[in-house]
Amino acid sequence: MAKFYSKTHEWALIDGNVAAIGISEYAAKELGDVVYVELPETGQTVAAGGELTEVESVKAASPIYSPVAGKIIEVNAALEDAPETLSSDPENTFICKIEMSAAPEGLMTEAEYLASLK
Amino acid sequence: MGAYIPHSAKDVEEMLAVIGVSNLDALYADIDDELKCAAPDLPPGMSESEVRRKMKELAAKNRVYPTVMRGAGAYRHYIPEIVDNVVSRPSFLTAYTPYQAEMSQGVLQAIFEYQTYMARITGMEVANASMYSGATAAAEAVMQLVRPGGKLLTSDGIRPDTMEVLKTYLSSKNIDIVVLKTENGVLEPETLQNALTSDISAVYVEQPAYFGGILDLQGIGAVVKAIGAKYIVGGNPLAYALLPSPGEAGADVAVGDAQPFGIPLSLGGAYVGYYATKKSLVRKMPGRIVGRTSDSTGRRAFALTLQPREQHIKRERALSNICSNQALQALRVAVYLAATGASGLEKVARSCYLNAHYAAERFERAGMKRAYPGEFFNEFVTYTPGKSAAIEEALGNEGILSGLRLDEDRMLWCFTELNTIDEIERAAGAAEEAI
Amino acid sequence: MKLIFEYAPSKANDYIPASGAEGKISVPDFGKEIKLELPELAEVVVARHYAALSRMAFGVDDGAYPLGSCTMKYNPKINEYAASLEGFTDIHPAERAKDLGGAMELMYGLGEALKEITGMDGVTLSPAAGAHGEYTALRIIDAYHRSRGEQRKKILVPDSAHGTNPASAAIAGFEVVNVPSDSDHGVDIEALKRLADSDTAALMLTNPTTLGLFEKNISVIANIVHGAGGLMYYDGANLNAVMGVVRPGDMGFDAVHLNLHKTFSAPHGGGGPGAGPVGVKAFLKDFLPYPVVGRRGEEYVFERPEKSIGKVNAFYGNFSVLIRAYAYILSLGKEGIPLSAKTAVLNANYLKALISAEYPSAPGLCMHEFVASMENLKRETGVTASDIAKAMIDKGIHPPTIYFPLTVHEAMMFEPTETETKETLDYIAGSLKEIYAVALKDPEAFKKFPLTTPVGRPDEVAAAKDMRLTADM
């Protein structure tokens, strides 16, 4: 398993041809307290860089972009009742899992990503 | 010509000195002189006493009918004196939108209570802080629940005003409107069953129908649900004091004008639209919403909530462009309902029903037959071939605003708790002579 | 403070007699299964409840209200008297035109005055609010282009615009193209040249802009947009700065909406009802929504323009608001209209001059409002625009608009309006200076503000998560 980050602050934890998608610690801080996650639908396909879903804080609604292309095969239903885990433990909370249709491109390693924030 | 400017010449001079300019016109240095206009071509300003006289003159040029038997979307009901008294309190009247929650708890709580009242009356789980009108609320509901390219099904039994507003709004969203024809404005579940196809995303009905007839909301709801379409119920909320509510009928959204609850006729505005829905659809509910929460010491507090749906945050991706509600009219509704209570509201609805049915029977004896069979609430249509204008004129001479002329043969009548037996007798008598 | 649903039941007052038909006719059982659950309360309970709630509300009559972009001017009492006249409140919208002479004369007269003030040729009074007016005007613009066989899909909107502009454009079926601001916070002319093309339906613009500055390049902008075949749309939110001084029609605008609840003194009512009439140039008149009030000889008539976009609302708009605006225009008249604008600009510049050391805004003169940025204070002390706002509440001042426009960090947008006295402006400035001094000395104190309100800062996260939107049964 390897974790990669996008410029738009999402992460993809890649296991074989399946990627779990979440948001970075930095993104979570910027968003503030997440109060709602609009979960994507399983079966839906997304392009790399395409809008996956939207999360709401009290004063903002922010799009989450997919770091990889593919089909959504699982969503984290626990976020419906506990959206706050996306704020409190972003690096370990996935939003959905995507069966990739192509090898990921243009993503950064954790070290590269952290360096890009400076 | 006070124009409500509070400064003396000396004030102005001192203020200009602080700013560092010599006169008022110098404040507009950024504007090209050739763009500037002369003083507007309007009469000179008036003193307050002149304004009072002028407005009284204008008001006197309108005809106020002592007796009103016309509804068609605007209803004259008794308005308890306390309603006007509360809404004229300056802290309500002159307040802005309650963005600063700490100093606006009064407005926020009043809206929260209004939301609760409307949710209870419509039988829905949640309601928003109000919309411009029932017609625009209906259009908003359809835009939320039908995707562009989708289809809405409704019938010719809804108010023509609603139909026109739906047409205007939905055309820019590329939503088709399928209009079912009915005999009497009352859409029957069987008719709907035969017309519903899987490409219909939502069904919109109004209770009662424009011609006054009562719909089988539950029967219609079952048909709509069977194909998985969304069910939007518009209507006069006063009727729900006697009839099953939209919530009881399985509606997804309930909309309409709450004008019958404490808002005067006032030539059709400002009224207030209500919008109520299920909790599962709350993020598809446009407009302002007040939520209950607490402050850091645990005291109950209210605040505008779910704001990321709205235009000031989401801009072109917002659910709707609406950025106000009709707060003062919503306050009227809340005060009206607080004063009447359930028993008072039921009494009003009951009186409307009784007076209208008494009138229908009396009119029939006077030669004004009902145009359509079937149960009605407080409005019905009469059929008097070629006589509509004559009847309107005859009743007008008696100080009675007759039913609305639908055409030369048919009139749409409305009766409320304010119509007395004596008025109905006089109207029947005058109509009888005119026929 | 109890909710209206939490009082012990008492006996409601009798407001109406029993129907005379009671006993002669029976009401059938309609199968209603869920009974109405509305509390029964004596009128005194209701009166005290709302009296208490009104003490927890803050209107223009309660104190200074320098809320930017909202034009919280004093609402003259004579307007309320006019709106309460029976000849206005008790007329049915479906009465015949011959019964409505006064109402039609009022609407016609108001329309004529608004046309004169804006430099437009036609007007509709139907829209119920500013955003509703924007929507209406955009539909008119769309219909105009279509009538010429064109389908223009894009609406240009400056990045500093009110959120309603892009939202209205989207609801009206357009694609929104953001136009960046230049370093002076005006429209970036070079960017506009690139963006305005044969697919541009219109540019939406507020002038003065949301920064409270007059867009000096307005004629250039109008030429660029018109040159591309697009139309110019004026968001009237800031008309109070320039009414009677410069007219949108003369600046090159083709359509405009006005906010009668801002510029023309109708009270805001805690968030409405307002009214958002739309004015248009002659070539757009045929597209206005119906009904419009016209005049034939001495007679007033309701008309449906030839190529009308249809209806945008039931009936004739928010008539009760139109009455107030008309009374106000009668009061101000020829001289009062420009004097009000000039005094609004005077008051804003005076306040700006008094506080500019602590609350820095764009240098030079402003129009009727100005935007201060508290970015430096936040960096140095951690005290935010929102914190300052909460501290102002304790001084009995309604805070300015904060965090708008989005192009200014830690924005505080002050619009004192023309009806505030010099004494009040001095008080606002003095209070702001005191608050600033506290921010430097004791930034921690701000966490507790406001101290004087019935509740402290509401937990908005819990409100959004728990979604308690109605009272419990």
Taking the Cα centre of segment C:1-56 as origin, sum charge times position over the Cβ atoms of Lys and Arg (+1) and Asp and Glu (-1), and report the length of that vector in debye to the nearest 20.
220
Just from its helices, what would the mean residue ellipticity at 222 nm be for chain A, if runs of 4 or more DSSP H residues each count -39500 (n - 2.57) and the sum is divided by every residue, rounded to the nearest 500 deg cm²/dmol?
-4000 deg cm²/dmol
Work out from phi, with θ = phi - 60° and the Karplus expression 6.51 cos²θ - 1.76 cosθ + 1.60, the ³J(HN,Hα) of each residue of segment B:12-17, listed in order in whole Hz, and give x for Gly and Pro.
4, 4, 5, 5, 4, 5
Where labels lie 7 Å past Cα in the beta-carbon direction, separation of A:Glu91 and B:Arg317 in nm
2.7
Where in chain B is the longest stretch that carries no trypsin sites (Lys or Arg not before Pro) classed as loop by DSSP and with at most 14 other Cβ atoms within 10 Å?
B:1-180
At 7 Å along the Cα-to-beta-carbon direction for both B:Asn174 and C:Lys32, put a label point, then send me their distance in nm to one decimal.
4.4
Can you send over the carbon and sulfur percentage of the accessible area for the protein assembly as shown, probe radius 1.4 Å, protein chains only?
49
Only sites in a loop by DSSP and with at most 15 other Cβ atoms within 10 Å count here; which chymotrypsin sites (Phe, Trp or Tyr not before Pro) in segment B:119-222 make the cut?
none
In terms of the alpha carbon gyration tensor, root eigenvalues a ≥ b ≥ c, rounded if a/c is under 1.5 and otherwise prolate when a/b exceeds b/c or oblate, chain C is oblate
Taking the mean number of other Cβ atoms within 10 Å as a proxy for protection, how do you rank C:183-196, C:166-179, A:57-70, A:83-96 from highest to lowest?
C:166-179, A:57-70, A:83-96, C:183-196
Please report, in debye to the nearest 20, how large the charge dipole of segment A:76-115 is about its Cα centre when each Lys and Arg carries +1 at its beta carbon and each Asp and Glu carries -1 there.
100
Considering protein heavy atoms only and a 1.4 Å probe radius, which residues within segment B:89-108 exhibit an accessible-area decrease of no less than 40 Å² in the full assembly relative to the chain by itself?
B:Arg89, B:Ser91, B:Phe92, B:Leu93, B:Thr94, B:Ala95, B:Tyr96, B:Gln100, B:Glu102, B:Met103, B:Gln105, B:Gly106
Using the charge dipole of chain A (Lys, Arg: +1 at Cβ; Asp, Glu: -1 at Cβ; taken about the Cα centre), state which of A:Gly43, A:Ala20, A:Tyr5 has its Cα farthest towards the positive end.
A:Tyr5
Once R0 is set to 51 Å, what does the formula 1/(1 + (r/R0)^6) return for the Cβ-Cβ distance between B:Glu432 and A:Ser101, expressed as a FRET efficiency to the nearest 0.05?
0.05
Using the Cα gyration tensor of chain A, with a ≥ b ≥ c the square roots of its eigenvalues, what is the shape: rounded (a/c below 1.5), prolate (a/b larger than b/c) or oblate (neither)?
oblate
For chain B, the dipole about the Cα centre with charges only on Cβ (Lys and Arg +1, Asp and Glu -1), to the nearest 20 debye, works out at 1260
Set the Förster radius R0 to 35 Å, insert the Cβ-Cβ distance between A:Leu117 and A:Asn17 as r into 1/(1 + (r/R0)^6), and round the FRET efficiency to 0.05.
0.75
If you take the accessible area of C alone plus B alone and subtract the pair, what total do you get in square angstrom, rounded to 100, with a 1.4 Å probe?
16300
What spacing in nm lies between the two simple spin-label points modelled at B:Lys369 and B:Asp156, each 7 Å away from Cα in the Cβ direction?
2.0
Put +1 on the Cβ of every Lys and Arg and -1 on every Asp and Glu Cβ in the protein assembly as shown; which of B:Gly20, C:Val371, C:Pro273 then has its Cα farthest towards the positive end of the dipole?
C:Pro273
What percent antiparallel are the DSSP beta bridges of segment C:78-332, to the nearest 5?
45
Determine the shape class of segment B:21-120: with a ≥ b ≥ c the square roots of the Cα gyration tensor eigenvalues, call it rounded for a/c under 1.5, and otherwise prolate if a/b is greater than b/c, oblate otherwise.
oblate
Any idea which of B:Leu42, B:Val126, C:Ser10 is furthest toward the positive side of the dipole for the protein assembly as shown, if Lys and Arg beta-carbons carry +1 and Asp and Glu beta-carbons -1?
C:Ser10
Residues of the protein assembly as shown: accessible area per residue with a 1.4 Å probe, Å²
34
Which of the residue pairs B:Lys36/C:Lys216; C:Lys262/C:Lys378; B:Lys10/C:Lys342 have a Cα-Cα distance greater than 20 Å in the structure shown?
C:Lys262/C:Lys378
What is chain C's relative contact order, in percent, from Cα pairs under 8 angstrom and six or more apart in sequence?
19
Counting only protein heavy atoms, probe 1.4 Å: which residues of segment C:167-186 lose 30 Å² or more of accessible surface in the full assembly compared with their chain by itself?
C:Ala167, C:Ala170, C:Ile171
Residue-count net charge about B:Ile200 - beta-carbon cut-off 13 Å; Lys, Arg +1, Asp, Glu -1
+2
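The values are calculated or read from the model by the stated rules, or taken from the named source; none is laboratory data. Computed from a predicted structure; not experimentally measured. A quick note on method: Cβ atoms are made from the backbone with ideal geometry, for glycine too, and the neighbour counts reach across all protein chains shown. Accessible surface is based on the protein model in full, side chains and every heavy atom, while ligands, DNA and RNA are left aside. Shrake-Rupley method; radii C 1.70, N 1.55, O 1.52, S 1.80 Å.
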